[in-house]
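*Asks:* Mind having a look at this structure? Questions to follow.
The values are calculated or read from the model by the stated rules, or taken from the named source; none is laboratory data. Fair warning: this is a prediction, and the values are worked out from it, not measured in the lab. Quick reminder, even Gly has a Cβ in these numbers, built from the backbone with ideal geometry, and neighbours come from all protein chains shown. Heavy atoms of the whole protein, side chains included, go into the accessibility calculation; ligands, DNA and RNA do not. Shrake-Rupley method; radii C 1.70, N 1.55, O 1.52, S 1.80 Å.
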Amino acid sequence: MPAYFETGFMVGRPAWHGLGKVLPADTHLSVEEGLVAAGLDWQVDLVPLEISGHEEDKHGSMVGQRVPSMATVRQQDKSVLGVVGMRYNVLQNIEAFRWFQPFLDANEATLHTAGSLHDGKRIWVLAKLNRKSIEVVEGDTVDKFLLLSNSHDGTSCVRVGFCPIRVVCANTLAMGHKVGQLLRLRHTSSMKASLDDVRDIVNTANQQFEATAQQYRALAHSSISPDDLRSYVRQVVLDVPGDTPYDKLGARKAATLQDVIDRYHAPLGDRYVSTRPTWWRAYNAVTEYYSYAAGRNENTRLKSLWYGDNQKRSEKALTTAVTLSQAI
């Protein structure tokens, strides 16, 4: 198993590079069962830090002195996950899972994917909303998910948000309507109360998904030319002006441009969906690149989709596609 991915599960078919254990499609996990299946049935302690050294050390007089920081330590193996401030509060893995309990009780969602990256420093829980999938065009659907991600090393907030995933290729897409889409919650004493408050916002999830679906459908009915495709990829993937000459891109960017264009012509879900030259097809070529090719390896791609730059780039790819398709 690759180094960055530690443990995890997913329900149904393998997705996101086939990492983790795959459970049958009709599996309905409880919070406790999901915690164990994900390999996240461990706790994190906060341990005071102090200065250590040898008597002959010039700082020897400071040995044993407390410093204003704490270490986050996994109880299971005593591994140090990170160093955090004195006001830091741990969101235990079981608490992250229990946040989904009201949705499971009401049959509004089922646990779908969960796991940890970087030796437990990052964890995520993904629940599939039990609402009708979005059909962009016949045979091409997008499922609706709710994502909670957290870090135990102090490098990121707790984040809760809505996450569309294209079924035929498991591409993680962007939400075009962001009211309440992604909340960042700080690791402070008020964190748990804030998580409770988030439940009120989830009532708007389906409306947001449907509003975004209208953007997807508009892209699926807007034709794109080969020149517009190349210009689009230059802007959203290469971060250069759309009219930048090919011979000015450099070898690496030229190779990336060709990679995305190849994915446009032969996408993972090609046998399921229309082959018409559309902006929807172009947008999905970009998200497929971010999901399956960008970055150094499959683990950094997953991390970036859940936590980092590729999430932002996917959002830019969607908004740019909508803007450019409307301008033509």
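*Asks:* What is the calculated FRET efficiency for T204 to L49, with r their C-beta to C-beta distance and R₀ = 35 Å, to the nearest 0.05?
*Replies:* The pair T204/L49 has a calculated efficiency of 0.25.
*Asks:* For a quick check of understanding: with a 1.4 angstrom probe and all protein chains in place, what accessible area in square angstrom does K128 have, to the nearest ten?
*Replies:* Probe radius 1.4 Å; accessible area of K128 about 60 Å².
*Asks:* Rounded, prolate or oblate: which fits region 78-169, taking a ≥ b ≥ c as square roots of the Cα gyration tensor eigenvalues, rounded meaning a/c under 1.5, else prolate when a/b beats b/c?
*Replies:* It is prolate, given that a/c is not under 1.5 and a/b is the larger ratio.
*Asks:* Ordering R263, R66 by how much accessible area each has at a 1.4 Å probe, largest first, what is the list?
*Replies:* R66, R263
*Asks:* Could you do me a favour and compute the accessible area per residue for region 74-155, 1.4 Å probe, result in Å²?
*Replies:* I get 40 Å² per residue for this part.
*Asks:* E135 versus S69, label points 7 Å from Cα toward the beta carbon: distance in nm?
*Replies:* Placing both labels 7 Å beyond Cα along the Cβ direction yields 5.6 nm.
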